[in-house]
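Student: After the structure tokens below, expect a handful of questions from me.
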Amino acid sequence: MVPYMGESDETALSFLKKVDLSRFNYPFNFNEITNYLDDIAPGQPAIKAAIDIALHDLWGKIDRKPTWTYFGSKPETMPLSSYTIGIDEVEVVKKKVEEATDFKVLKVKLGRDNDREIIRTIRSVTAAPLYVDANQGWTDKEKALDLIFWLKEQGVELIEQPMDKTDIEGNAWITERSPLPILGDEAVQRFEDVEKARGVYHGINIKLMKSGGMHEAYLMIQKAKSLNMPVLIGCMSETSCATMAAACLAPLCNWCDLDGPFLTTNNPFKRPYFIDGKYALQNEPGLGLEMMPDSRF
Ligand code: MG
């Protein structure tokens, strides 16, 4: 759970105590279940996602089918997954890039005054395609646009959340002129935000910990497609449980940024199967999660 979303162990446990799924005769009617969870309390998308993901895993286990088959996903359309290089000192950035050998695309967090220096540093160690996440960090739209043109020359392929999510005019101004796709992330949480993002961003970043789980994320992907908006499926700091759930939907998306299990040190599950820079969907029933032998769970 990410602190800025206002969730904690305490809020999650107190939410769970209010949930009674025995009221449903059929536990896989996700529209009804999503509405029921939203009626218990607004917000709290991560604990709602936990329930939704557990039910999707169970659904597949009962049917003896991999969960990804319910969404019409095809393993062969799985996009490459990027790996995030956080903002840090130049030497640390260099070291992180050199360690990320399993990944064929890198995501770079920008939004400070040394953006060009960070990109030049990364370019001194790799020619891999880059995704840039400005994390609402740019405050001057004209400067941001200049930078985006320069970033395109540096092999950057997309830009996430250039300006503050409340600056609709600034983000829309950049989107109209940008030579690279501009994606809304912080501005897009749940289904109703997809329509609001139209005209402000080219596309959207969906995360299960914002959408409240796989069901709503799937509806958001369908909605975005109907509006001709491309989709990046991303993650927070997550274990294999959440990113393997997101990977079930990733073949329906244009880009994938599911590096959580590769950046966490307390993952109770084995790492996802990852081949040639992509998640490799398996044929195990449900999500196919495997516990680490020394897991305390
Ligand atoms: Mg982002």
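The values are calculated or read from the model by the stated rules, or taken from the named source; none is laboratory data. The model shown is predicted, which means the values in this text are computed figures rather than measured ones. Every residue, glycine among them, receives a Cβ derived from its backbone with ideal geometry; neighbour counts consider all protein chains shown.
Student: Select from the stretch 198-219 the residues that are of a type in the set (A, V, I, L, M, F, W, C) and buried (at least 24 other Cβ atoms within 10 Å of the Cβ) and list them in ascending order. Spell out the reasoning first.
Tutor: First pass over the stretch 198-219, keeping only residues of a type in the set (A, V, I, L, M, F, W, C): 200, 204, 206, 208-209, 214, 217, 219.
Across the stretch 198-219, the qualifying residues are Ile204, Ile206, Leu208, Met209, Met214, Ala217.
Student: Which one of these does Leu232 not meet: (1) at pLDDT 95 or above; (2) surrounded by fewer than 24 Cβ atoms within 10 Å (Cβ to Cβ)?
Tutor: Unmet for Leu232, out of (1) at pLDDT 95 or above; (2) surrounded by fewer than 24 Cβ atoms within 10 Å (Cβ to Cβ): (2).
Student: Can you name every one of the helices (runs of 4 or more DSSP H) wholly within the stretch 1-86 that holds 1 or more residues which are closer than 30 Å to Lys278 by Cβ and in contact with a helix residue (DSSP H, G or I) (Cβ under 9 Å, 6 or more places away or on another chain)? Even if it seems obvious, please write down each step before you answer.
Tutor: On the way: elements: 9-18, 30-40, 45-63.
Qualifying helices (runs of 4 or more DSSP H): 30-40, 45-63.
Student: Okay, next question. Would the stretch 261-277 turn up any residue that is touching a residue at least 60 places away in the same chain (Cβ under 8 Å) and either under 13 Å from the mean Cα position of the chain (by Cα) or surrounded by 24 or more Cβ atoms within 10 Å (Cβ to Cβ) (or both)?
Tutor: The initial filter retains those residues of the stretch 261-277 that are touching a residue at least 60 places away in the same chain (Cβ under 8 Å), namely 262-263, 274, 276-277.
Keeping just the survivors that are either under 13 Å from the mean Cα position of the chain (by Cα) or surrounded by 24 or more Cβ atoms within 10 Å (Cβ to Cβ) (or both) gives none.
For the stretch 261-277, residues touching a residue at least 60 places away in the same chain (Cβ under 8 Å) and either under 13 Å from the mean Cα position of the chain (by Cα) or surrounded by 24 or more Cβ atoms within 10 Å (Cβ to Cβ) (or both): absent.
Student: Can you tell me which residues in the stretch 226-258 are within 16 Å of the ligand (Cβ to nearest atom), in a loop (DSSP other than H, G, I, E, B) and under 16 Å from Lys210 (Cα atoms)?
Tutor: Cys235, Met236, Ser237, Glu238, Asp257, Leu258
Student: Something else: Just to verify a result, which residue in the stretch 76-104, among those that are of a type in the set (A, V, I, L, M, F, W, C) and under 19 Å from the mean Cα position of the chain (by Cα), is farthest from Trp255 (Cα to Cα)?
Tutor: First, pick out the residues of the stretch 76-104 that are of a type in the set (A, V, I, L, M, F, W, C): 78, 80, 85, 87, 90, 92-93, 97, 100, 103.
Within this subset, residues satisfying the condition of being under 19 Å from the mean Cα position of the chain (by Cα) are 78, 80, 85, 87, 100, 103.
Numbers: Met78: 9, Leu80: 7, Ile85: 17, Ile87: 22, Ala100: 18, Phe103: 14 Å.
Taking the candidates together, the pick is Ile87.
Student: Let me ask something else about it. Quick one: how many residues across the stretch 235-248 are under 11 Å from Tyr279 (Cα atoms) and at pLDDT below 95?
Tutor: 0
Student: Could you check the stretch 100-219 for helices (runs of 4 or more DSSP H) lying wholly inside it with 2 or more residues that are of a type outside the set (Ser, Thr, Tyr) and within 15 Å of the ligand (Cβ to nearest atom)? Full working, then the answer.
Tutor: On the way: elements: 115-123, 141-153, 168-177, 191-197, 208-211.
Of the helices (runs of 4 or more DSSP H) lying wholly inside the stretch 100-219, those with at least 2 residues that are of a type outside the set (Ser, Thr, Tyr) and within 15 Å of the ligand (Cβ to nearest atom) span 191-197, 208-211.
Student: State all residues of the stretch 259-284 that are closer than 21 Å to Ala128 by Cα, among the hydrophobic types (A, V, I, L, M, F, W, C) and assigned to a loop (DSSP other than H, G, I, E, B); if no residue qualifies, say none.
Tutor: Across the stretch 259-284, the qualifying residue is only Ala280.
Student: Quick check on my filter: what residues within the stretch 30-88 are under 19 Å from Met209 (Cα atoms) and of a type in the set (S, T, N, Q)?
Tutor: Within the stretch 30-88, Asn31, Thr34, Asn35, Gln44, Thr67, Ser81, Ser82, Thr84 qualify.
Student: Another question, then. Considering the stretch 39-58 alone, what residues qualify as being acidic (Asp, Glu) and within 15 Å of Ala246 (Cβ to Cβ)?
Tutor: Here is the first cut: in the stretch 39-58, the residues acidic (Asp, Glu) are 39, 52, 57.
Once the filter is applied, which keeps residues that are acidic (Asp, Glu) and within 15 Å of Ala246 (Cβ to Cβ), the stretch 39-58 yields Asp52, Asp57.
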